[in-house]
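These notes concern the structure reproduced below.
The values are calculated or read from the model by the stated rules, or taken from the named source; none is laboratory data. This structure is a prediction, so every number in the text was calculated from the model and none was measured. Note: ideal-geometry Cβ built from the backbone for every residue, glycine included; neighbour counts use all protein chains shown. In case anyone asks, the SASA skips ligands and DNA or RNA and just uses the protein heavy atoms, side chains included. Shrake-Rupley method; radii C 1.70, N 1.55, O 1.52, S 1.80 Å.
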Amino acid sequence: PVGVAAAGAVGGMSYWFFPFPFDVVKSKIQTGTHGLPSTTPVNVMTVMKHVFKTEGIVGLYRGCGITVARAAPSNAVLFMAYELTMRALRGQPLFGS
């Protein structure tokens with residue numbers, strides 16, 4: 001079960017880390033804080049380029065640390081709960097081999 005929890009933690013962290021820049025761009029588009037001139041079309045690519053140009057890679061990953069940190073324990077518990085539930089439903093021992 002510890003390995004399952006670790007896999008859940010790493011999986012959850014990866015799930016949030018890699019697509020995080022797109023989540024930042026989505027939030028900027030939704031809130032209107034993208035900073036583009038009114039004559040520029042607002043879409044994922046234009047906002048992403050603008051954020052990268054004005055704020056750098058840091059701007060695309062702002063807030064990522066806490067999001068990834070939050071994902072680790074929640075996904076570890078989720079994977080453990082799923083695995084233990086499946087073992088119980090199959091009549092297998094919950095802990096051990």
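A few remarks follow.
- Sole exception among (1) surrounded by 13 or more Cβ atoms within 10 Å (Cβ to Cβ); (2) at pLDDT 95 or above; (3) assigned to a helix (DSSP H, G or I) for Ile57, by number: (1)
- Search result, residues across region 60-95 that are open to solvent by 50 Å² or more (accessible area, probe 1.4 Å), of a type outside the set (A, V, I, L, M, F, W, C) and over 23 Å from Ser27 (Cβ atoms): Pro73, Tyr82, Glu83, Thr85, Arg90, Gly91, Gln92, Pro93
- Subset of region 42-54 (residues that are open to solvent by less than 60 Å² (accessible area, probe 1.4 Å), within 15 Å of Gln30 (Cα to Cα) and more than 20 Å from the chain's Cα centre (by Cα)): Thr46
- Cβ-Cβ under 8 Å pairs, at least 6 apart or on other chains, region 8-22 side touching a residue at least 24 places away in the same chain (Cβ under 8 Å) and under 13 Å from Gly63 (Cβ atoms), far side of a type in the set (Phe, Trp, Tyr) and surrounded by 15 or more Cβ atoms within 10 Å (Cβ to Cβ): Phe20/Tyr61; Pro21/Tyr61
- Tabulated pairs, region 63-87, first in contact (Cβ under 8 Å) with a residue 12 or more places away in the chain and β-branched (Val, Ile, Thr), second buried (at least 17 other Cβ atoms within 10 Å of the Cβ) and part of a helix (DSSP H, G or I), C-beta under 6 angstrom, 6+ apart or interchain: Thr67/Trp16; Val68/Met13; Val68/Trp16
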